[in-house]
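Quick notes on the structure that follows.
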Amino acid sequence: QVQLVESGGGLVQAGGSLRLSCAASGSINGFNLMGWYRQAPGNQRELVTVISSGGDTNYVDSVKGRFTIGRDDAKNSVYLQMNSLKPEDTAVYYCNLADRSGNYWGRGTQVTVSS
């Protein structure tokens, strides 16, 4: 089992920045994908970005050039630097880890961007 705990959400004005962090603990396999999803009220959960254990990244088009994902395997952590935030980025952001043993989720952290 893997446990994920997110931190760093909050309220920010449009154009501002936030940095989300996610700490993983438990039986972590070195070969995995870690990423961030988000869910806005009334919408389905959507993929924002992922990073492989090799460092390859992928982003949804709406955040390219504004968000940056990174990972620190020594700390079993993944980060999301969010710049130039827009009101449409408002959502609950969930950390995800996927490996051969399963697909794991954090409880989420709220990000609210005011206009």
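The values are calculated or read from the model by the stated rules, or taken from the named source; none is laboratory data. Model, not experiment: these values are computed from the prediction. For neighbour counting, all protein chains shown are included, and Cβ atoms are generated from backbone atoms with ideal geometry for every residue, glycine included. These accessible areas exclude ligands, DNA and RNA; they are computed on the full protein's heavy atoms, side chains included. Shrake-Rupley method; radii C 1.70, N 1.55, O 1.52, S 1.80 Å.
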Please determine, by comparing only the residues of the stretch 94-109 that are open to solvent by 50 Å² or more (accessible area, probe 1.4 Å) and among the charged types (D, E, K, R), which one is nearest to residue 26 (Cα to Cα).
100
Checked the stretch 63-93 for anything exposed (fewer than 14 other Cβ atoms within 10 Å of the Cβ), in contact (Cβ under 8 Å) with a residue 24 or more places away in the chain and hydrophobic (A, V, I, L, M, F, W, C); matches are none
Hey, any hits in the stretch 7-18 for a residue that's surrounded by 14 or more Cβ atoms within 10 Å (Cβ to Cβ) and in contact with a Phe, Trp or Tyr (Cβ under 6 Å, 6 or more places away or on another chain)?
no
Screening 113, 50 for residues that are more than 17 Å from residue 21 (Cα to Cα) and in a strand (DSSP E or B) leaves only 113
Based on what the data block shows, is residue 60 closer than 16 Å to residue 7 by Cβ, touching a strand residue (DSSP E or B) at 6+ places or on another chain (Cβ under 8 Å) and either open to solvent by 10 Å² or more (accessible area, probe 1.4 Å) or at pLDDT 95 or above (or both)?
no
